[in-house]
Amino acid sequence: MTYEEITETLRQRGFRLTAARKHVIKVLDQHPEYLGAYDIHHLLEATEMHIGISSIYRVLEMLQNLNLLQQEEFGQGGIRYRLQRPSQPHAHQLICSRCGRTEELGDCPLSHWADRLEQDSGFEIQAHWLRFFGLCPACQITEVRSQKSEARGQRSETRDRKSDVGGQRSETRDRKSDVGGQRSETRDQRSDARGQKPEA
């Protein structure tokens, strides 16, 4: 559904069109990929629209209750949403589990299999969808950079630990040198004492 269709639906159902509702719906309309509440918040902040995260969650909940959103679980990325697109009766998608970018697959790769499944099972299949989750090209690059950065950080920590150990060895040598110096001074003092003869 488009921004205009959703706002008209809300008017017909007696919902007020608050600024928060309008802006959240507009962001969802302009971004076909799946977005989380914080994604929407960042996009609004980038356009100087300051809407609280709790308000965004309330708008998403309302749209979800009205069956105007598609919802998807992204593991650690949490739940993300996008507008229902009734022009697509079923979707076959590639979905980036990191950024939510979505690409629709063109032809339905399951249509022949679905026909055969109907014949074999006796079921009348009314709908189906296929979703592949993974990392898009941009997120793959980010992932590699992140791993390299972590590896550099670990190497740096190892060097720091070695440096600390080297410093401790140096301190130990200095202490031994100080002790050796004190012994030398004691020997010199004894020698001086022997060299002094008692007066008659």
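Descriptive notes on the structure:
- Within the option set Thr7, Thr2, being in contact with a Leu (Cβ under 7 Å, 6 or more places away or on another chain) and either β-branched (Val, Ile, Thr) or open to solvent by 60 Å² or more (accessible area, probe 1.4 Å) (or both) holds for one residue only, Thr7.
- Count of region 22-42 residues which are open to solvent by 60 Å² or more (accessible area, probe 1.4 Å) and either more than 24 Å from Arg131 (Cα to Cα) or acidic (Asp, Glu) (or both): 3
- Checking every residue in region 52-60 against the condition of being of a type in the set (Val, Ile, Thr), at pLDDT 95 or above and under 27 Å from Trp129 (Cα atoms) gives at least one match.
- Residues being modelled with pLDDT of 85 or more and open to solvent by less than 70 Å² (accessible area, probe 1.4 Å) - total across region 96-116: 1
- When restricted to residues that are in contact with a strand residue (DSSP E or B) (Cβ under 6 Å, 6 or more places away or on another chain) and within 17 Å of Met1 (Cβ to Cβ), region 30-59 contains 3.
- Within region 133-155, tally of residues that are exposed (fewer than 12 other Cβ atoms within 10 Å of the Cβ) and among the aromatic types (Phe, Trp, Tyr): 0
- Among the residues listed as Ala151, Ala138, the single one being at pLDDT 80 or above, under 35 Å from the mean Cα position of the chain (by Cα) and hydrophobic (A, V, I, L, M, F, W, C): Ala138
- Residue count for region 61-93, restricted to those that are open to solvent by 80 Å² or more (accessible area, probe 1.4 Å) and at pLDDT 80 or above: 4
The values are calculated or read from the model by the stated rules, or taken from the named source; none is laboratory data. Keep in mind it's a predicted model, so treat the numbers as computed, not measured. Positions of Cβ are generated from backbone atoms using ideal geometry, with glycine treated the same way; all protein chains shown enter the neighbour counts. Accessible surface is based on the protein model in full, side chains and every heavy atom, while ligands, DNA and RNA are left aside. Shrake-Rupley method; radii C 1.70, N 1.55, O 1.52, S 1.80 Å.
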